[in-house]
Amino acid sequence: MPTLSEADSKALLAAHGVAFPDERQAHDGQGAVGAAAEIGHPVVLKLGGAAIAHKTERGLVRLALGDDAAVAAAAEELLAAARPEDGEVHLLVAPMLRGNRELIAGLHHDPQFGMTVMLGVGGILAEAVADVAFRLVPIEPVDGEEMIAELATQRLFADFRGEPAVDRTALVELLVGLSRAAEADERIVGADLNPLIVVDGRPVAVDALVELAS
Amino acid sequence: MSTHLTPAHFRALFEPRGVLVAGVSTHPGKFGFVSLHNILASGYEGTVFGTSREAGEVLGTPVVSDIDALPDDAIDLVFVCTPAAANPDLLRACAKKGIRAAFIASAGYGEAGVEGQAMQAELVALAEELGMLVAGPNGQGVVSTPAHLCAQIVAPYPPSGRIGIASQSGNFISSFLNYAVHTGVGVSRAVSAGNAAAVTIPDFLDFYADDDATDVALAYVEGVQDGRAFFERALSVARRMPLVLVKGGATDGGQRAAASHTGSLASDDRVFDGMCRQAGITRAATIEAAYEAAATFATQPLPKGNRVVVLTTAGGWGVVTADALSRTALDLIQLPDDLRAALDGKLPPRWSRNNPVDLAGAETRDTIPDVLDLIVGHPGVDAVVYLGLGIQSNQAQLMRGGRFYPDHGLERIVDYHERQDARFAHAAAEASVRYDKPVLTATELAVTHPGNAGPAAVRASGRLCYPSANRAVTALEHLWERARHQQVRAR
């Protein structure tokens, strides 16, 4: 099934109310340096494109770039790493976000119940922990609140390691936004917001991948 | 759902003016005999007829060989035990006699290979053509206590009550009905959907939701054909009455078993679980928890909040019940100061002075009714779990059966204990009704000695005596979850 690029995935979901961090697209090193300056250092630089789905595996993500020189060097390396089969590529400049907690959210197609909204505990152990909640599209805010309350790892949502409690309202808005996107756009058969980093209590989707029906 | 079904069709199934058993047998081991026997033995008051190859009489019931010989418009339901191949002609003849509902117990349909599947498709088309409700095939039967009807191929016939049951597996109709017999909390309707060819579980639940005889719907499902339709219809039912559901095939192993049993497709159980929460369905983890949840909805008011007090006559029970409550969304509250002071006025100083309210054996003649009234009536308390009923009656039973009875004052003390336990059970039910709050009484004596004066009095009050505090807590949690679900959606 075809997937959208990270930038297009975010644009599609953002149109339905899913909030994303302030990000810019650039096409060369100079553009990336300018975008990074506007966003504020440190930044993350990624190579994006409709045909690029596994950026991390291919080493196409550069983290914590602290000044113009670092951004320019990373931009040059990433553009050089593009392969012919990647087609048209761009540079994605995003703020470097940190948080101790990671969640995941998404849309999945169930063979019996159709489109569902998913929320789970993220991070490298997410699959083993399998602490997730599902609801059928469409959901109301109250369903989103109940999804959060249903997760077993409730301590993650309270004050945690010096960081404030998770902003549940923001998280509910994000889940409802996902649901709205699936409801409005029948081409969507899947979406992953992974990870959703909890930054000062606020869940922020730093990556997005939308799958469309073929 | 078959589009031609109306409430009148379901009334023909559950409240028939007359019943025809097709394929009556004289052999007491055959379904065609057992079903007729069960209809007659359970006090059904409508007219009963049979069909068989040979006309005559079985169990005093007239049996015809030709349906044309039956009266017109006197029969609403045909209970079918004849071989699948004979049924299309049979149903056509029944339709001519004004019969509007059929329950097909016969096997040899969708569960029996390609040929059986073709016959099942034919059956569905015929139901539509004849405008008939055709339940089953390959089902166990239908029970309806308002009509004293037990049209099924196995026991039992349950006590009457307010629970309406629909099951994708006939065995669980028996299991639920056995729980009804055991607990005394009865049933209004029960139907095994069999292969659910033309009438599905949601069709029955939808009827129950508007049925005057039913307050709670209870369903066993292994899988659903159209998940979206199931969700929409279950949600609509759950808005009108509590819907308790237990699903077989919740694990990988169970799903493999379900695929071979009812051919049900596997969905991720977490999706099914989320669907239930979204629809306001009470999903129970086990068959007994499902029946106990349904019995609780049928006999207790919904709590307004989650603040629970445990009243116990001994410490250990209170401790494990506190543990059980702490694992739920229920709140084992700190005792309000005014309630503590009021209890101080009724109890000697050795009581726990907190929640659980442990009387520590400090009770005298009127303590338990008085204390129950204070706790249940307190505005800061939403629900009460009461433990310790029946212990003295258990001692009384030992005394009554021993060689010293009735001398040495034993007769007098035995009577006193049994009177007191009955009184405590009534006090719990009365306080629950007076203050419109759930009060759940739990003791294993409900299983050990159902005739113990305590559990027996709980049954007599129409309520469930929970076999353990943990099971009472699980049932109460289901009640609170429904109340909470409604509250947050009414905002």
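The values are calculated or read from the model by the stated rules, or taken from the named source; none is laboratory data. Quantities reported herein were computed from a predicted structural model and do not represent experimental measurements. Cβ: placed from backbone, ideal geometry, glycine included. Neighbour counts: every protein chain shown. Just so you know, the surface numbers come from the protein's heavy atoms only, side chains and all, with ligands and any DNA or RNA stripped out. Shrake-Rupley method; radii C 1.70, N 1.55, O 1.52, S 1.80 Å.
Per-structure values
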{"item": "Local electrostatic count at B:Leu410 - Lys and Arg +1, Asp and Glu -1, tallied over other residues with Cβ under 13 Å", "result": "-1"}
{"item": "Residue-normalised accessible area of the range A:22-95, given per residue in Å² at a 1.4 Å probe", "result": "49 Å²"}
{"item": "Accessible area of the range B:408-491 divided out per residue, in Å², using a probe of 1.4 angstrom", "result": "45 Å²"}
{"item": "Efficiency of FRET from Cβ geometry, A:Ala15 and A:Leu63, R₀ 41 Å, rounded to 0.05", "result": "0.90"}
{"item": "Stretchable slack from B:Gln395 to B:Ala490, in nm (0.36 nm times residue separation minus alpha-carbon distance)", "result": "29.3 nm"}
{"item": "Length added when fully stretched, A:Ala73-A:Leu125, from 0.36 nm per residue minus Cα-Cα", "result": "15.4 nm"}
{"item": "Probe 1.4 Å, protein heavy atoms only - accessible area per residue of the range B:158-299 in square angstrom", "result": "31 Å²"}
{"item": "Estimated vicinal HN-Hα couplings, Hz - the range B:24-29 in sequence order (Karplus 6.51, -1.76, 1.60; Gly, Pro = x)", "result": "5, 10, 8, 8, x, x"}
{"item": "Accessible-area ranking of B:Asp323, B:Asp358, B:Asp407, largest first, probe 1.4 Å", "result": "B:Asp407, B:Asp323, B:Asp358"}
{"item": "Accessible surface of the protein assembly as shown, 1.4 Å probe, proportion on carbon and sulfur as whole %", "result": "52 percent"}
{"item": "In degrees, nearest ten, helix B:269-279 long axis to first principal axis of chain B (Cα)", "result": "80 degrees"}
{"item": "At R0 = 60 Å, FRET efficiency that the Cβ-Cβ distance of B:Glu232 and B:Lys30 yields, to 0.05", "result": "0.90"}
{"item": "Estimated inter-spin distance, B:Glu115 and A:Ala165, nm [label 7 Å along Cα→Cβ]", "result": "6.7 nm"}
{"item": "Exercise: per-residue mean of other protein chain Cβ atoms within 10 Å, A:105-112", "result": "4"}
{"item": "Summed residue charge, Cβ within 13 Å of B:Val80's Cβ, Lys/Arg positive, Asp/Glu negative", "result": "0"}
{"item": "Radius 12 Å from Cβ of A:Leu12, net charge of other residues (Lys, Arg +1; Asp, Glu -1)", "result": "-1"}
{"item": "FRET efficiency, B:Asp323 to B:Asp344 (Cβ-Cβ, R0 30 Å, nearest 0.05)", "result": "0.70"}
{"item": "Helix-only CD estimate at 222 nm, as mean residue ellipticity for the protein assembly as shown, using -39500 (n - 2.57) per DSSP H run (n ≥ 4)", "result": "-12500 deg cm²/dmol"}
{"item": "Extension reserve of the B:Ala125-B:Leu410 stretch, reckoned as 0.36 nm per residue once the Cα distance is removed", "result": "95.5 nm"}
{"item": "Principal-axis tilt of helix B:170-183 within chain B, Cα atoms, nearest 10 degrees", "result": "30 degrees"}
{"item": "Those lysines that a straight Cα-Cα span of less than 24 Å connects to A:Lys55, excepting residues fewer than 8 apart in one chain", "result": "A:Lys10, A:Lys46"}
{"item": "Hits among aspartates and glutamates - C-alpha to C-alpha of B:Lys30 under 20 Å, sequence gap 8 or more where chains match", "result": "B:Glu54, B:Glu57"}
{"item": "Distance between the range A:132-173 and the range B:395-416 - C-alpha centres, whole angstrom", "result": "60 Å"}
{"item": "Pairwise burial A:B, computed as accessible area of each alone minus the pair, summed, 1.4 Å, Å²", "result": "1700 Å²"}
{"item": "B:Ala285-A:Met1 pseudo-label distance in nm [points 7 Å out on the Cα-to-Cβ vector]", "result": "3.3 nm"}
{"item": "For the range B:441-491 and the range A:53-70, distance of Cα centres in Å", "result": "59 Å"}
{"item": "Positive-end residue of B:Ser167, B:Ala229, B:Ala285, charge dipole of chain B with Cβ unit charges", "result": "B:Ala285"}
{"item": "Spin-label pair B:Arg240/B:Thr6, simplified geometry with 7 Å Cα→Cβ offset, distance in nm", "result": "1.6 nm"}
